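Down below is the structure, laid out as structure tokens.
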Amino acid sequence: MFSRLRNDFPILDTRVGESSLSYLDSGATSQKPQCVIDTFTEYYSQRNAAVHRGAHSLAVMATDAFEAGREAVADLVGGAPEQVVWTKNATEALNVVALGIDRASHGFGGEAAQRFGLGPADSIVVTEMEHHANLVPWQQLAQSTGAQLRWLPVTDAGELDLSDLESIVDETTKVFAFTHVSNVLGTINPVDTLVTRARQVGALVVLDACQSVPHMPVNFADLDVDFAAFSAHKALGPTGLGTLWGKTDLLNSLPPVLTGGSMITTVTMEDSAFMDAPQRFEAGTQPVAEVAAFTTAVNYLAEVGLEKIFDHERELARVLLDGIAKIPGITVLGAAENRIGTVAFDVDGVHAHDVGQYLDSQGVAVRVGHHCAQPLHRRFGVTATTRASTYLYNNTEDCEQFLAALAEVRPFFGVQ
Ligand SMILES: Cc1ncc(COP(=O)(O)O)c(C=O)c1O
């Protein structure tokens, strides 16, 4: 099945010089199957209109497409369609939560929003392996409210160090925000344990699901998280679209940060009343074509099966890790057993940017740098790494092409 579905992705036929393309950068963004690309053309040629309130047939069709997207996402990650809020990307989704809490802490949102209020006696907890998208907004919130920012450290094995979980997440903790899967280490975090601790102290749980939803079965309702965020573009969908998932009562009491048209019930010259979620967070004209295309992507993923995708990528991760272990001078960051097909490593004596350039010359696309996780890199004593990350369309040949090129990197740069 996996060898066949590769043909659905036209970009994978690209030649890089003399080489075929080995695309191992899906952790940054995924490639798109033809059916997702076709949905754009079909949407703009047959259904394009502004959604909601339209009195004509095209507007009804566009609205149906837009709302069908919520249903597809709710089928994928659990909950009801109205728990699915469209944003620009996961970064915006996480900011909507952090900034909403900030507004609540400064008296906005009335009585319903008081449950979110933070002050100097409170703490926010994150982890040392967060992508900046799930760290910087919480730093900003801490600075704005006087709350203390704390974090769970990371072990040498690239897993969360839970030995002080009970003292780090304590009765002062109002928000516990963590990633489901590290975008650098590939580690899958123990969400159950972390949610259990959050429930003991009454903290809100915010899950960064950017690297889990595309690669494994995930059900936010079963995980019992309060809010979750992910991006369409990492899950075969288009850029420009993210999802904020939340528990209904929380979404309906969180103050919105973007206000304007399409999210209000009544407006006077002095004040306005807001709609319930999801519209409450969807001010202005929405990315309808993107939602339509993402719906096709979600259906494609569901048809292949997330369980199968997970198993396939675990096999590829094994090929990558076993192969890298045979090449001298390469240090992989972390060694978690419970992982996805994302592997970041340091090449002794060669800067990650040079590694990336050499690999590119051999047709291999990887990511280099700090992958928006500077504190995690600092934790491992490096400033930059090279990251190979797989997806459902990769095969062992891609991994072997990568391994053959990687074995040549140090000799090429004359490093013994
Ligand atoms: C774990 C994680 N969180 C958040 C993000 C941010 O996603 P986006 O840039 O699509 O908002 C990424 C993207 O790399 C990520 O890997």
* To do: Would you look at the GNM of the chain, springs on alpha carbons closer than 10 Å, and say which of 86, 151, 138 moves the most?
  => 151
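Please give me, ordered by residue number, the GluC sites (Glu not before Pro) of the stretch 121-197 that lie in loop per DSSP and have at most 15 other Cβ atoms within 10 Å.
On the way: sites: 128, 130, 159, 166, 171; in loops: 128, 130, 159, 171.
Within the stretch 121-197, the qualifying GluC sites (Glu not before Pro) (loop, at most 15 other Cβ atoms within 10 Å) are 171.
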* Structure fact -> Most exposed first, judged by fewest Cβ atoms within 10 angstrom, 122, 102 run 122, 102
* Structure fact -> Computed over the stretch 285-409, the relative contact order (Cα-Cα under 8 Å, seq sep at least six) in percent reads 28 percent
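Under the rule of -39500 (n - 2.57) per DSSP H run of 4 or more residues, summed and divided by the residues of the chain, what mean residue ellipticity at 222 nm is obtained, to the nearest 500 deg cm²/dmol?
Numbers: 14 runs with 159 residues, N = 416.
Counting only the DSSP helices, I get -11500 deg cm²/dmol.
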* Structure fact -> For residue 174, the lysines lying under 19 Å Cα to Cα, once residues fewer than eight places off in the same chain are dropped, come out as 247
* Taking a cut-off of 24 Å between Cα atoms, list the lysines near residue 326, but don't count ones fewer than 8 places away on the same chain. => none
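Go through 23-31, 254-262, 187-195 and give me the packing order, highest mean Cβ count within 10 Å leading. If you can, show how the numbers build up before the last one.
On the way: 23-31: 22.1, 254-262: 17.6, 187-195: 19.4.
Peptide ranking by packing, descending: 23-31, 187-195, 254-262.
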* Asked: Ranking 52, 312 by Cβ neighbours within 10 Å, fewest first, what do you get?
  -> 52, 312
* Structure fact -> Here the net charge surrounding residue 319, from other residues whose Cβ is less than 11 Å away from its Cβ (Lys, Arg +1; Asp, Glu -1), is -4
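Report, in debye and to the nearest 20, how large the dipole of the stretch 188-271 comes out about its Cα centre when Lys and Arg carry +1 and Asp and Glu carry -1 on their Cβ. The partial results should precede the final answer.
Numbers: 4 positive and 8 negative charges, 54 e Å.
Here the size comes out at about 260 debye.
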* **DSSP bridge pairs, the chain: antiparallel proportion in percent, nearest 5** => 60 percent
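Around residue 6, with a cut-off of 12 angstrom between Cβ atoms, what is the net charge of the other residues, counting Lys and Arg +1 and Asp and Glu -1?
-3
Hey, what did the chain get for relative contact order, percent, Cα under 8 Å, at least 6 apart?
23 percent
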* Structure fact -> Out of 33, 190, 153 - ranked by how far each Cα lies towards the positive end of the dipole of the chain, with unit charges on the beta-carbon of charged residues - the top one is 33
* Structure fact -> Taking trypsin sites (Lys or Arg not before Pro) as exposed when in a DSSP loop with at most 11 other Cβ atoms inside 10 Å, the chain has its longest clean stretch at 54-325
* Tell me, what is the FRET efficiency for residue 42 and residue 307 to the nearest 0.05, using R0 = 41 angstrom and their Cβ-Cβ distance as r? -> 0.90
* Tally Lys and Arg at +1 and Asp and Glu at -1 over the other residues with C-beta under 15 Å from the C-beta of residue 37: what net charge comes out? -> -4
* **In order through the stretch 371-382: 3J(HN,Hα) via Karplus (6.51 cos²θ - 1.76 cosθ + 1.60), integer Hz, x for Gly, Pro** => 6, 6, 9, 4, x, 5, 5, 4, 4, 8, x, 10
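Please compute the contact order of the stretch 195-296 in relative form: average sequence separation of alpha-carbon pairs under 8 Å and at least six residues apart, divided by the residue count, as a percent. Walk me through the numbers on the way to the answer.
Numbers: 131 pairs, mean separation 21.4, N = 102.
It comes to 21 percent, rounded to a whole number.
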* Asked: Among the lysines, which fall within straight-line cross-link reach of residue 234, defined as a Cα-Cα distance under 20 Å, with same-chain neighbours fewer than 8 residues apart omitted?
  -> 32, 88, 308
* **In sequence order, calculated HN-Hα J values of the stretch 66-81 (Karplus, 6.51, -1.76, 1.60; Hz; x Gly/Pro)** => 5, 6, 4, x, 5, 5, 4, 5, 5, 5, 6, 10, x, x, 9, x
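Where a number appears in this text, it was derived from the coordinates with a stated rule and is not lab data. Keep in mind the model is a prediction, meaning the values are calculated, not measured. Note that each Cβ is placed from the backbone with ideal geometry, even for glycine, and that neighbours are counted across all protein chains shown.
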